[in-house]
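The values are calculated or read from the model by the stated rules, or taken from the named source; none is laboratory data. Keep in mind that what you see is a predicted model, and the values were worked out from it rather than measured. Heads up, the Cβs are rebuilt from the backbone with ideal geometry, glycines too, and the neighbour counts pull from every protein chain shown.
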Amino acid sequence: MHLDPFELHRPTSVEETVALAGRLAPKFDYLAGGTDLLPNYKMRLNTRPNLIALEDVSELRGVSLDRVGAMTRLADLEAHGGFRSAYPGVLEAVVEVATPLVRASGTLGGNLLVETRCFFFNQSFPWRESLGFCLKADGDRCHVVPQKEKCYATFSGDLAPSLSVLDAEVEVAGPDGRRRVPVTTMYDAAGDGIQRHHLKPGELLVAVHFPPAARTLRATYRKLRVRPSFDFPELGVAAAARLTADGTIDHLALSVGGTETFPKRFDELTGPLVGSRPTLPRVRELAAEVQKRVRPVHNTFLAADYRKKMTGVFVRRAVGQVLGIGEGRP
Amino acid sequence: MDSPMSGRASIRLTINGTAMELGCPPERILLDLLREDLNLTGTKRGCDLGTCGCCTVLLDGRPVLSCLTLARLAIGHDVTTIEGVTPATGLSPLQKAFVEHGATQCGFCTPGFIMTGTALLRDHPDASREEIERAISGNLCRCTGYLKIVEAIQAVGKETP
């Protein structure tokens, strides 16, 4: 498939990139690894006349335990010994992203901002045209929940949940300078599903920052998918915890992706467990409550009620594992 | 400084060790450039969306999906295709092993597997079965069931001193 013509821009600094974005907005896309954007462009999904390639912006690279550049390839993150041993829970998510070939080009920032997915969106132009375009691309209605004027496409990144439970932050550069946004709150939970995050037009993801406390947490990531390779998450559960010396819960965080339009934290459910001793009944209660609160719709390969049920199972196993009380079966 | 690229301005690329200059619009995908402009048709177009790995080439020695790579982003990098890893006469050790182990049936996915396998064996000549399986998990084969492919890659790894 050939792509429609566009202009390709290759800035070399963050400042230059942001200025360029300001000039071209909204008629541009940032091009990171291209493994998500280019398939969508081939399907003629929301193509724009300008691509700003981030390849040459050196500030977007670099891996340390405090900061990972947004243009870091997932394969390079995987190969970084220091990162791997500091954040094994994040690595569990990294190696579950797509395939080694996709990770050879795909980047950390790209995965955080990966396009949401839906049966009725990730289709060729003629397919979508024959059914009638949906409101995520070219149309004005939702085929999944027709009575609503909201997009229900599913958040399909693996890294956001695993970074959220570590309380990582993204550094963002824009026309008004730089700011930090917690991964947990960067996604738009209350929006229309089309605008998926709280980044302003033209803002650029520069890096992910890890607080020192992130290295004191035990974390894990569980992914549900049909094939153990390539597939996007039908469900992704990340959990992180720290116990005090006497075995009570000092910190517990849980984030669920692959079920709604954004990765969802459950602080209101995990918070009350802090200060208590971890027990299996309480973990099961937590899992059942999370299962009740996720709202997947039938817009990915597996049925929505199955994904909902598996949310309970995965939460039980993931939280049980990070609290060290078993039920941590794969 | 940014200078937007449009039209068929020519670019310089190094493909299989040969520097060349050729016209290339910004939206040209590396796979299309290889197959349609350079007639290097050993690199196959499978899904064209990054799922199957048939289009795998090496970019500075790293296996990447040429169907998801803009040709212009390969400027300044070395591109190696299946033609580039095949000796002028005969076959590479891995290609030979694929023949000897019956690791190829219809053959469409084979160039992709050879590229991924070549890079793997270069970096990890003693790759375990599990490492091989993980490395080729982005290459799809609909004929062999993978067993023979894994055996062929493993056989070459063992031979390497």
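Here is a list of conditions, (1) within 22 Å of residue A:90 (Cα to Cα); (2) in contact (Cβ under 8 Å) with a residue 60 or more places away in the chain, and residue A:302 meets all of them except one; can you say which number that is?
(1)
Name, by its number, the condition in (1) in contact with a helix residue (DSSP H, G or I) (Cβ under 6 Å, 6 or more places away or on another chain); (2) free of Cβ contacts under 8 Å to residues at least 40 places away in the same chain that does not hold for residue A:160.
Exception for residue A:160: condition (2).
Any idea which residue in the stretch A:18-46 is surrounded by the fewest Cβ atoms within 10 Å (Cβ to Cβ), counting only those that are at the interface with chain B (Cβ under 10 Å from one of its Cβ atoms) and assigned to a loop (DSSP other than H, G, I, E, B)?
Filtering the stretch A:18-46 for residues that are at the interface with chain B (Cβ under 10 Å from one of its Cβ atoms) and assigned to a loop (DSSP other than H, G, I, E, B), the one surrounded by the fewest Cβ atoms within 10 Å (Cβ to Cβ) comes out as A:43.
Within the stretch B:14-35, identify whether any single residue is farther than 30 Å from residue A:14 by Cβ and acidic (Asp, Glu), and answer yes or no.
Yes, because at least one residue in the stretch B:14-35 is farther than 30 Å from residue A:14 by Cβ and acidic (Asp, Glu).
Out of the stretch A:46-74, which residues are without any contact (Cβ under 8 Å) to a residue 60 or more places away in the chain and of a type in the set (D, E, K, R)?
Hits for the stretch A:46-74 are A:48, A:55, A:56, A:61, A:73.
Sort out which residues of the stretch A:278-300 are in a loop (DSSP other than H, G, I, E, B) and either surrounded by 14 or more Cβ atoms within 10 Å (Cβ to Cβ) or outside the structural domain of residue A:247 (by TED's automatic domain parsing) (or both), and write them in order of number.
Answer for the stretch A:278-300, where residues must be in a loop (DSSP other than H, G, I, E, B) and either surrounded by 14 or more Cβ atoms within 10 Å (Cβ to Cβ) or outside the structural domain of residue A:247 (by TED's automatic domain parsing) (or both): A:278, A:294, A:296, A:297, A:298, A:299, A:300.
Got a number for residues in the stretch A:210-230 being surrounded by fewer than 19 Cβ atoms within 10 Å (Cβ to Cβ), at pLDDT 95 or above and either within 14 Å of chain B (Cβ to nearest Cβ) or not in a loop (DSSP other than H, G, I, E, B) (or both)?
Result for the stretch A:210-230: 5.
On the given criteria, is residue A:107 touching a Ser or Thr at 6+ places or on another chain (Cβ under 7 Å), in contact (Cβ under 8 Å) with a residue 24 or more places away in the chain, buried (at least 21 other Cβ atoms within 10 Å of the Cβ) and over 22 Å from residue A:254 (Cα atoms)?
Answer is yes for this residue.
Quick check on the stretch B:46-66. Is at least one of its residues over 17 Å from the mean Cα position of the chain (by Cα), modelled with pLDDT of 95 or more and either of a type outside the set (Val, Ile, Thr) or more than 20 Å from residue B:112 (Cβ to Cβ) (or both)?
no
Would you be able to tell me the number of residues in the stretch A:75-91 that are within 14 Å of chain B (Cβ to nearest Cβ) and either touching a residue at least 40 places away in the same chain (Cβ under 8 Å) or under 17 Å from residue B:60 (Cβ atoms) (or both)?
Summing the residues that are within 14 Å of chain B (Cβ to nearest Cβ) and either touching a residue at least 40 places away in the same chain (Cβ under 8 Å) or under 17 Å from residue B:60 (Cβ atoms) (or both) in the stretch A:75-91 gives 3.
Quick one: in the stretch A:51-66, which of the residues that are closer than 15 Å to residue A:203 by Cα and within 14 Å of chain B (Cβ to nearest Cβ) is surrounded by the fewest Cβ atoms within 10 Å (Cβ to Cβ)?
It comes out as A:53.
Suppose we filter B:141, B:106 for residues that are surrounded by 13 or more Cβ atoms within 10 Å (Cβ to Cβ), within 25 Å of residue B:31 (Cβ to Cβ), touching a residue at least 24 places away in the same chain (Cβ under 8 Å) and in contact with a Cys (Cβ under 6 Å, 6 or more places away or on another chain); which single one remains?
Criteria check complete, one pass: B:141.
Conditions (1) within 29 Å of residue A:193 (Cβ to Cβ); (2) out of contact with any Cys (no Cβ under 8 Å at 6 or more places or on another chain), marked per residue:
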{"site": "A:42", "(1), (2)": "yes, yes"}
{"site": "A:57", "(1), (2)": "no, yes"}
{"site": "A:70", "(1), (2)": "yes, yes"}
{"site": "A:84", "(1), (2)": "no, yes"}
{"site": "A:94", "(1), (2)": "yes, yes"}
{"site": "A:116", "(1), (2)": "yes, no"}
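Quick check on residue A:65: is it farther than 21 Å from residue A:177 by Cβ, in contact with a Lys or Arg (Cβ under 9 Å, 6 or more places away or on another chain), part of a helix (DSSP H, G or I) and assigned by TED's automatic domain parsing to the domain that holds residue A:108?
no
Any chance you could count how many residues in the stretch B:59-75 are more than 10 Å from chain A (Cβ to nearest Cβ) and outside any helix (DSSP H, G or I)?
2
Which numbered condition trips up residue A:95, out of (1) surrounded by fewer than 21 Cβ atoms within 10 Å (Cβ to Cβ); (2) more than 9 Å from every other protein chain (Cβ to nearest Cβ)?
Residue A:95 satisfies all of (1) surrounded by fewer than 21 Cβ atoms within 10 Å (Cβ to Cβ); (2) more than 9 Å from every other protein chain (Cβ to nearest Cβ) except (2).
Give A:71, A:43, A:1 a once-over and let me know the one that is within 18 Å of the chain's Cα centre (by Cα), hydrophobic (A, V, I, L, M, F, W, C) and closer than 21 Å to residue B:67 by Cα.
Working: A:43 fails: within 18 Å of the chain's Cα centre (by Cα); A:1 fails: within 18 Å of the chain's Cα centre (by Cα).
Unique residue meeting the criteria: A:71.
What number of residues within the stretch A:1-17 are surrounded by fewer than 23 Cβ atoms within 10 Å (Cβ to Cβ), more than 7 Å from every other protein chain (Cβ to nearest Cβ) and not in a loop (DSSP other than H, G, I, E, B)?
2
Determine whether residue A:205 is in a helix (DSSP H, G or I) and out of contact with any Asp or Glu (no Cβ under 7 Å at 6 or more places or on another chain).
Values: in a helix (DSSP H, G or I): no; out of contact with any Asp or Glu (no Cβ under 7 Å at 6 or more places or on another chain): yes.
Spelling it out, it is not the case that residue A:205 is in a helix (DSSP H, G or I) and out of contact with any Asp or Glu (no Cβ under 7 Å at 6 or more places or on another chain).
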